[in-house]
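Below you'll find the structure, written out as structure tokens, and then a few comments.
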Amino acid sequence: MPIVVLRSSMQVNFLDQSVKLTHMDEDRISDLPHSIVESILTRLPIREAVKTSILSRTWRYRWAMLTQLVFDDDCAYLPGELGPPKDTLVKFVTRCLFLHQGPIHSYKLSTSFLLNAPDIDQWILFLSRKDVKELILELGEGEWFRIPSCLFSCSKLTHLELCNCELDPPPTFKGFTNLRTLILHQVIVAADAIESIISSCPLLENLSLSYFDSLAITISAPNLKYLRLEGEFKDIFLQNTPALVAISVAMYMTDDIAEHFEQSSSCKFVKFLGGVPLLEHLIGHVYFTKYLSIGDYPAAHSVTYSCLKVIELYQVSFEDPKEILVVLRMITNSPNLKELTISGSSLATSDYTATTSAATSDLEFWEKQCPWGCTLGQLKSIRMSELSCLPHEMEFIKFLLRNSPGLETMHVSPSSYVKENVIHMLVELVRFRRASAQAELIFENE
Amino acid sequence: MSEGIIAVIKPEMKSYIWLQTVDGSIQQVEQEVAMFCPMICREVIQTGMGSSKNYAILLPQRVNPFILGSILDYCRFHQVQGRSNKERKTFDEKFIRMDTKRLCELTSAADSLQLKPLVDLTSRALARIIEGKTPEEIRETFHLPDDLTEEEKLEPLRNISDDPRIRLLNRLYARKRKELREREKLKNAEVEEERVDERSVDDLLSFINSEDAGYSATVTNSVISVDAKGDKTSKNKKKNRRRKDQIDSTSNKDEENIPKELDTSPSTNNILEANLSRAVKVQDFSSGTFSPKLELDDGFMDDDLDPAMKEELDREVEDFARRLNSDQHFVSEL
């Protein structure tokens with residue numbers, strides 16, 4: 001019987017096998033150390049990494065030893081798969097996990113599809129047995145996926161990031177003893193559950209909570225260094241966070257919360273910034289300064305922030321003397337402040353005449369309550385933006401210029417809603433006395 | 001010592017480190033450049049080696065003189081403090097433009113010298129080379145041996161491997177085999193014809209699946225090697241019947257049992273292979289396209305069957321092709 005052989009142009013015939021053998025010593029990549037091969041395969045999208053399994057015998061299961069797995073919606077569109085993309089994704093992830101060998105250190109799943117709970121449950125169970133250290137789940141919006149309890153038995157977790165799910169720790173949960181980073185974004189969880197998770201993770205350094213509704217939270221984390229909060233918070237009490245270095249807060253407010261604030265008597269400033277002596281960088285957005293001004297009283301500002309170098313406060317309302325006072329106190333209690341960025345509230349009225357009359361009486365506070373004679377010796381850079389040429393804004397700038405002998409640059413830019421007052425603003429600015437001879441006043445007007 | 005005298009005469013001369021590569025050659029390198037490599041730095045500090053030609057630091061085996069030159073160029077550029085990130089990036093992009101063999105050697109050498117930035121750079125470059133290529137292209141680029149059997153290539157990673165030609169080949173082969181079997185049955189006794197009529201698609205599937213292994217063992221991505229041994233024809237015919245009997249009795253079981261059959265019937269196919277070689281015209285497959293001659297052969301064979309048979313055949317092939325893709329995915333490694 002004839003032996004019939006078909007080959008493509010690349011492999012000519014059987015005899016070529018011997019020729020191929022002599023070329024084998026040219027294969028350099030297979031001999032690279034395992035760590036480098038893993039590093040190369042990790043930089044490929046997971047589909048491409050899995051494809052290397054049909055390259056040659058040595059490569060057959062190399063991808064299966066990868067310790068970092070990233071699955072995203074690209075895996076839902078495999079050529080030749082006939083089912084809906086959601087099913088393709090589930091099949092692909094399941095198969096990859098099933099074929100995987102060795103530990104998995106990092107697992108990321110990022111999908112916009114609403115996956116079935118049993119599939120994700122199984123994957124998390126699988127990962128909990130593989131000593132997973134980093135777990136990132138970004139699930140599709142809509143139905144909130146309820147995290148299974150096996151997640152809480154991932155004792156080696158150092159990094160946990162959850163998005164769009166529901167978290168309910170079992171009563172027996174003692175905490176993640178190795179957890180350093182916790183990021184919860186749009187997660188449904190009870191306030192006391194979060195508090196207990198946070199306080200039971202002794203090594204927690206990095207905490208980010210975003211898009212929570214009406215959350216009142218007490219944070220106790222002795223090693224916490226970086227804190228990021230975004231959402232509607234009724235109350236934030238940093239009870240035990242002495243190691244905090246950087247804070248970033250974006251505070252949104254609903255009418256309910258506004259009402260709550262009006263009735264509240266506790267001093268938010270003390271509860272928030274009362275116990276952070278090592279703070280170096282503070283960022284506040286939207287209603288943060290308003291939040292801080294609630295329940296404020298002069299003696300509340302006894303703490304000196306000697307490490308605080310950068311303050312960024314956005315959407316400060318310069319129509320509210322209480323907010324301005326809070327900002328002033330913060331600045332004056334930070335002797336080593338280097339950079340200051342303040343942006344005004346675009347909600348300010350653009351009717352200049354109206355604000356002048358209303359604010360005249362308030363201007364007295366600048367003479368009475370303002371701490372003159374305070375020196376911001378380290379302040380080098382100031383940025384003021386979204387200004388509406390309000391009297392308080394002008395007084396504020398005046399105050400800064402007068403008390404910063406080391407100032408190098410001051411950027412001022414008006415809000416785009418107040419075009420007609422720009423000249424007036426400039427006229428005033430030019431008059432202000434400057435303590436620093438080399439200060440540059442840069443006016444940015446688009 | 002000559003070095004000592006030189007040092008006295010020209011005190012402003014830079015200090016050098018002496019490095020010896022595995023082939024025995026020794027070269028001297030400016031100290032700040034050599035110390036950029038953590039491994040060399042450690043050697044100098046811990047053991048004090050490298051200060052003279054006789055005490056040259058022995059570099060790891062993976063560093064040959066040519067690669068050492070490249071690495072030192074890299075170190076020489078990056079150890080200068082004042083360069084901007086953009087400058088460094090531009091240099092890096094130009095630096096890694098080399099053939100893949102050298103790139104692999106460079107990665108290996110940089111790793112043995114613990115020069116992590118360079119290892120990262122070369123790893124990124126290698127990943128970029130691999131990304132987007134087909135397996136053949138990757139094999140060609142890196143001179144990898146194509147030493148997996150076809151069976152191993154096709155399972156258990158079908159459709160994860162993402163090679164559309166394998167799947168298409170599968171389908172065509174299944175169709176061919178099926179048609180051959182039909183022809184054979186028509187030639188054989190009525191018993192088999194009855195069988196054809198009685199069997200459900202499941203039965204046909206199981207039978208075809210059992211032959212699948214044998215065939216795919218001889219199929220590469222772009223190769224169909226058909227091996228026929230004529231002297232075993234009669235014996236194999238008997239074997240075939242026995243196999244068919246076996247399969248018939250087991251065909252009522254769950255389809256998931258089919259995988260067991262795969263490995264137990266490697267030799268049933270010789271007769272069919274012989275038929276195939278006669279029926280299918282031999283041709284080269286250029287990468288990615290299938291020769292239209294196969295389609296002609298389809299037509300040739302279909303003329304032998306009556307139209308009703310043909311319709312059933314077509315329907316079953318389509319059904320089979322669909323099932324082949326969905327069911328075979330669960331074949332695990334055996």
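The values are calculated or read from the model by the stated rules, or taken from the named source; none is laboratory data. Bear in mind that the values here come from a model prediction, so they are computed numbers and not experimental data. Cβ coordinates were reconstructed from backbone atoms using ideal geometry, including for glycine residues, and neighbour counts include every protein chain displayed.
Those residues that are outside any helix (DSSP H, G or I) and of a type in the set (Gly, Ala, Ser), I need them from the range A:171-219; list them, please. Outline the logic, then answer.
Step one: of the range A:171-219, the residues outside any helix (DSSP H, G or I) are A:171-190, A:200-219.
Matches in the range A:171-219: A:Gly175, A:Ala190, A:Ser200, A:Ser208, A:Ser210, A:Ser214, A:Ala216.
Determine if the range A:384-404 includes at least one residue that is surrounded by fewer than 16 Cβ atoms within 10 Å (Cβ to Cβ) and modelled with pLDDT of 90 or more.
For the range A:384-404, residues surrounded by fewer than 16 Cβ atoms within 10 Å (Cβ to Cβ) and modelled with pLDDT of 90 or more: present.
Among the numbered conditions (1) under 23 Å from A:Val249 (Cβ atoms); (2) within 20 Å of the chain's Cα centre (by Cα); (3) of a type outside the set (Asp, Glu), tell me where A:Ala190 comes up short.
Condition (2) is where A:Ala190 drops out.
With B:Asp111, B:Asp120 as the choices, which residue is surrounded by fewer than 17 Cβ atoms within 10 Å (Cβ to Cβ) and at the interface with another protein chain (Cβ under 8 Å from one of its Cβ atoms)? Full working, then the answer.
Working: B:Asp111 fails: surrounded by fewer than 17 Cβ atoms within 10 Å (Cβ to Cβ).
Unique residue meeting the criteria: B:Asp120.
Check A:Arg43, A:Arg60, A:Arg47 and return the single one that is under 16 Å from B:Ile129 (Cα atoms) and free of Cβ contacts under 8 Å to residues at least 24 places away in the same chain.
Values: A:Arg60 fails: under 16 Å from B:Ile129 (Cα atoms); A:Arg47 fails: free of Cβ contacts under 8 Å to residues at least 24 places away in the same chain.
On inspection, the qualifying residue turns out to be A:Arg43.
Taking the range A:405-439 only, how many residues are surrounded by fewer than 16 Cβ atoms within 10 Å (Cβ to Cβ), closer than 21 Å to A:Asp320 by Cβ and among the small types (Gly, Ala, Ser)?
0
Given the criteria among the hydroxyl-bearing types (Ser, Thr, Tyr), in contact with a helix residue (DSSP H, G or I) (Cβ under 9 Å, 6 or more places away or on another chain), farther than 22 Å from A:Leu204 by Cβ and surrounded by fewer than 17 Cβ atoms within 10 Å (Cβ to Cβ), does A:Ser153 qualify? Write out each step before concluding.
Values: among the hydroxyl-bearing types (Ser, Thr, Tyr): yes; in contact with a helix residue (DSSP H, G or I) (Cβ under 9 Å, 6 or more places away or on another chain): yes; farther than 22 Å from A:Leu204 by Cβ: no; surrounded by fewer than 17 Cβ atoms within 10 Å (Cβ to Cβ): yes.
Answer is no for this residue.
If you take the residues in the range B:79-95 that are in contact (Cβ under 8 Å) with a residue 12 or more places away in the chain and either among the acidic types (Asp, Glu) or closer than 18 Å to B:Arg124 by Cα (or both), which one is surrounded by the fewest Cβ atoms within 10 Å (Cβ to Cβ)? Lay out the reasoning, then the answer.
Our first condition is that a residue be in contact (Cβ under 8 Å) with a residue 12 or more places away in the chain; within the range B:79-95, this holds for B:79, B:91-92, B:95.
Right, trim to either among the acidic types (Asp, Glu) or closer than 18 Å to B:Arg124 by Cα (or both) and you get B:91-92, B:95.
On the way: B:Phe91: 15, B:Asp92: 19, B:Phe95: 19.
Result: B:Phe91.
Just name the residue that is surrounded by the fewest Cβ atoms within 10 Å (Cβ to Cβ) out of those in the range A:73-88 that are assigned to a loop (DSSP other than H, G, I, E, B) and of a type outside the set (A, V, I, L, M, F, W, C).
We begin by selecting, within the range A:73-88, every residue assigned to a loop (DSSP other than H, G, I, E, B); these are A:77-84.
Next, only the ones that are of a type outside the set (A, V, I, L, M, F, W, C) stay: A:77, A:79-81, A:83-84.
Values: A:Tyr77: 11, A:Pro79: 9, A:Gly80: 14, A:Glu81: 19, A:Gly83: 12, A:Pro84: 11.
Within the range A:73-88, the match that is surrounded by the fewest Cβ atoms within 10 Å (Cβ to Cβ) is A:Pro79.
If A:Lys234 satisfies every condition in (1) buried (at least 16 other Cβ atoms within 10 Å of the Cβ); (2) not in a strand (DSSP E or B) but one, which is the exception?
Looking at each condition in turn, A:Lys234 falls short on (2).
Out of all the residues in the range A:76-92, which are touching a residue at least 12 places away in the same chain (Cβ under 8 Å) and either more than 32 Å from the chain's Cα centre (by Cα) or within 11 Å of chain B (Cβ to nearest Cβ) (or both)? Walk me through how you get there before you give the answer.
The initial filter retains those residues of the range A:76-92 that are touching a residue at least 12 places away in the same chain (Cβ under 8 Å), namely A:76, A:78, A:85-86, A:88-90, A:92.
Matches in the range A:76-92: A:Leu78, A:Thr88, A:Phe92.
Regarding the range A:115-128, can at least one residue be identified that is under 23 Å from A:Ala190 (Cβ atoms), away from chain B (no Cβ under 14 Å) and surrounded by fewer than 16 Cβ atoms within 10 Å (Cβ to Cβ)?
If we filter the range A:115-128 for residues that are under 23 Å from A:Ala190 (Cβ atoms), which is where we start, we get A:117, A:120-121, A:124, A:128.
Next cut, away from chain B (no Cβ under 14 Å) only: A:117, A:120-121, A:124, A:128.
If we keep only those that are surrounded by fewer than 16 Cβ atoms within 10 Å (Cβ to Cβ) too, we end up with A:117.
Taking every residue of the range A:115-128 in turn, at least one turns out to be under 23 Å from A:Ala190 (Cβ atoms), away from chain B (no Cβ under 14 Å) and surrounded by fewer than 16 Cβ atoms within 10 Å (Cβ to Cβ).
Of the conditions (1) in contact with a strand residue (DSSP E or B) (Cβ under 9 Å, 6 or more places away or on another chain); (2) surrounded by fewer than 16 Cβ atoms within 10 Å (Cβ to Cβ), A:Ser199 clears all except one; give me its number.
Just one mismatch for A:Ser199, condition (2).
Which of the residues that make up the range A:94-104 are closer than 15 Å to A:Asp119 by Cβ and more than 11 Å from every other protein chain (Cβ to nearest Cβ)?
Here is the first cut: in the range A:94-104, the ones closer than 15 Å to A:Asp119 by Cβ are A:94-98.
Selection gives A:Leu97 alone.
Could you please let me know if A:Leu157 is in a loop (DSSP other than H, G, I, E, B) and at pLDDT 90 or above?
Taking the combined requirement at face value, the residue satisfies it.
When the range A:48-63 is examined, which residues are found to be surrounded by fewer than 18 Cβ atoms within 10 Å (Cβ to Cβ) and in a helix (DSSP H, G or I)? Step through it out loud before you land on a result.
Looking only at the range A:48-63, we keep the residues that are surrounded by fewer than 18 Cβ atoms within 10 Å (Cβ to Cβ), and these are A:57-58, A:60-61.
Result: A:Arg57, A:Thr58.
When you scan the range A:267-284, do you find a residue that is farther than 18 Å from A:Ser220 by Cβ and in a helix (DSSP H, G or I), even just one?
yes
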